[in-house]
Amino acid sequence: MIDQLRGALLEAREGGMVVDVGGVAFWVATPRGSVQPASGEVRLYTHLLVREDALELFGFGTAQERELFRILMGVSGVGPKVGLAVMSELAPQPLQSAVLSGNVAAFKRVKGVGQKLAERLVLELKGKLDHLDLVAPGAAMSVGVSQQAAYLALTQTLGFGTHEVSRALEKVRQEGDSVEALVRKALAWLSSQGRL
């Protein structure tokens with residue numbers, strides 16, 4: 001089993017990246033925005049899928065994201081392609097919030113997920129994500145409407161990636177912030193990270 005890879009990023013393109021580990025180049029499928037290379041080096045938590053005709057390697061920025069992918073794959077009708085699509089559209093915290101609040105519409109935005117599969121995802125994931133600590137207990141309520149609205153404004157209206165928006169909001173949010181304040185502070189943080 002290949003548990004982790006650490007090496008030089010040779011190429012990043014839609015759907016994944018090529019990583020050089022000791023002279024061997026691995027193609028690793030990754031969710032969009034999950035892995036942020038630092039100085040051309042990446043560390044990936046991997047999941048190896050063995051098929052009759054192929055070996056497929058999937059990589060994630062954290063062990064929790066890898067575990068989330070494995071849990072998604074356990075949902076009836078979700079294969080690796082849909083699992084990656086879900087994680088590309090919904091960063092871990094918004095995904096867990098969508099499950100906790102029963103937000104079927106959030107899953108319907110994912111390419112390849114229709115009404116029935118979206119409902120199944122919400123139903124089958126309930127109670128299965130709690131141990132991952134993706135959202136602190138009660139965070140779906142304490143985060144409040146402001147952060148959710150800011151998240152939607154940054155991702156859907158302004159077109160930023162779900163993972164980078166989640167990171168930005170996590171870094172800048174303070175209790176009592178308005179939607180406008182959160183968006184303004186998140187944009188400033190994204191700018192400081194070279195994302196604008």
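Identify the residue in segment 30-72 that is surrounded by fewer than 18 Cβ atoms within 10 Å (Cβ to Cβ) and among the aliphatic types (A, V, I, L, M) and, among all such residues, is nearest to Leu95 (Cα to Cα).
My answer is Ile71.
I need the full set of residues from segment 150-177 which are among the polar types (S, T, N, Q) and either crowded, with 19+ Cβ neighbours inside 10 Å or modelled with pLDDT of 80 or more (or both), in order please.
If the condition is that a residue be among the polar types (S, T, N, Q) and either crowded, with 19+ Cβ neighbours inside 10 Å or modelled with pLDDT of 80 or more (or both), then Thr155, Thr162, Ser166 are the ones that fit.
Would it be correct to say that Val104 is over 17 Å from Arg32 (Cβ atoms), crowded, with 22+ Cβ neighbours inside 10 Å and among the β-branched types (Val, Ile, Thr)?
No, not satisfied.
The values are calculated or read from the model by the stated rules, or taken from the named source; none is laboratory data. Note that this is a predicted model, so its numbers are computed, not measured. Neighbour counts are summed over all protein chains in view; Cβ atoms, including those assigned to glycine, are modelled from backbone coordinates with ideal geometry.
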